[in-house]
1. Being under 23 Å from PHE72 (Cα atoms) and of a type in the set (Lys, Arg) is the filter here; which residues of region 108-163 pass it?
2. Would you pick out the residues in region 146-195 that are assigned to a strand (DSSP E or B), surrounded by 13 or more Cβ atoms within 10 Å (Cβ to Cβ) and of a type in the set (S, T, N, Q)?
3. Restricting region 45-70 to residues that are at pLDDT below 90 and of a type in the set (Ser, Thr, Tyr), which is farthest from THR112 (Cα to Cα)?
4. Name the one entry in GLY89, GLY118 that is farther than 30 Å from MET1 by Cβ and either aromatic (Phe, Trp, Tyr) or part of a loop (DSSP other than H, G, I, E, B) (or both).
5. Condition test on PHE105, is it within 19 Å of the chain's Cα centre (by Cα) and under 13 Å from PHE72 (Cα atoms)?
6. Looking at region 64-102, which of its residues are surrounded by fewer than 12 Cβ atoms within 10 Å (Cβ to Cβ), under 16 Å from LEU176 (Cβ atoms) and either basic (Lys, Arg) or touching a Ser or Thr at 6+ places or on another chain (Cβ under 8 Å) (or both)?
7. Going through GLY188, GLY118, GLY122, GLY180 one at a time, which residue ends up being free of Cβ contacts under 8 Å to residues at least 24 places away in the same chain and not hydrophobic (A, V, I, L, M, F, W, C)?
8. Determine if region 8-25 includes at least one residue that is modelled with pLDDT under 95, in contact with a Cys (Cβ under 9 Å, 6 or more places away or on another chain), hydrophobic (A, V, I, L, M, F, W, C) and surrounded by 12 or more Cβ atoms within 10 Å (Cβ to Cβ).
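The values are calculated or read from the model by the stated rules, or taken from the named source; none is laboratory data. Since this is a predicted model, take the numbers as computed values, not measurements. Methodologically, a virtual Cβ is constructed for each residue, glycine included, from the backbone with ideal geometry; neighbour enumeration extends over all protein chains shown.
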Amino acid sequence: MKIEITLIEEMLGTKAADPEVFATFIASKAPDDDKRREEIETADAREQSGTTIFHKQNGNVGLWDYQIKGFFKDACGAMNRFDKEMRGGLEKLSAYKTKIDGCIFVFPRFITMTLPPGEPVGLCERPLRAETAQGPRVSVCRSETVPVGTMIQCEIQIMSKELNPYVSAWLDYGKLRGLGQWRNSGKGRFLWTAV
């Protein structure tokens, strides 16, 4: 199937801006005073490196094929928990992760996103709350965003007829829970059409 996805909510990037994010995190845990001073002096760089961004190729923002397959796994897992009448007549799909990995392929490998004319990549800053052993913690997350109306075209090759109706149902689920980060808040929701 060839499909076109149109975002109905902005979508957030998922790639760490800092390619050395893990090394930076480990280094930041050093209890050394000199290290703390260095962190304060590089606050702007740390803010940028803490931002999640979109994957880019040749100056274009986009998604990798595995991100669409990941969405299918998320959607199928959720739909397996739906009441039967809410699944549109589809049975629960057993071993769905293995079936998606081995029987569904997305093309091209890098899927370019087409932003609405004149609309730039934006930023979303939001609080991140967590319950930890030391009590509640709040931090701020920062992510690149693409706006409502952004379009994505790709091809989905399905190697098992059993999965055809499921793929359509998973794509329909995109209007409720989308792609990218912070999906629980409604970010990244989309509509799709066959092209």
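1. Within region 108-163, ARG109, LYS161 qualify.
2. Listed by number, the residues that qualify are GLN153, GLN181.
3. Step by step, filter region 45-70, then rank; the result is SER49.
4. GLY118
5. It is true that PHE105 is within 19 Å of the chain's Cα centre (by Cα) and under 13 Å from PHE72 (Cα atoms).
6. Matches in region 64-102: ARG81 only.
7. Result: GLY118 is the single residue among GLY188, GLY118, GLY122, GLY180 that is free of Cβ contacts under 8 Å to residues at least 24 places away in the same chain and not hydrophobic (A, V, I, L, M, F, W, C).
8. yes
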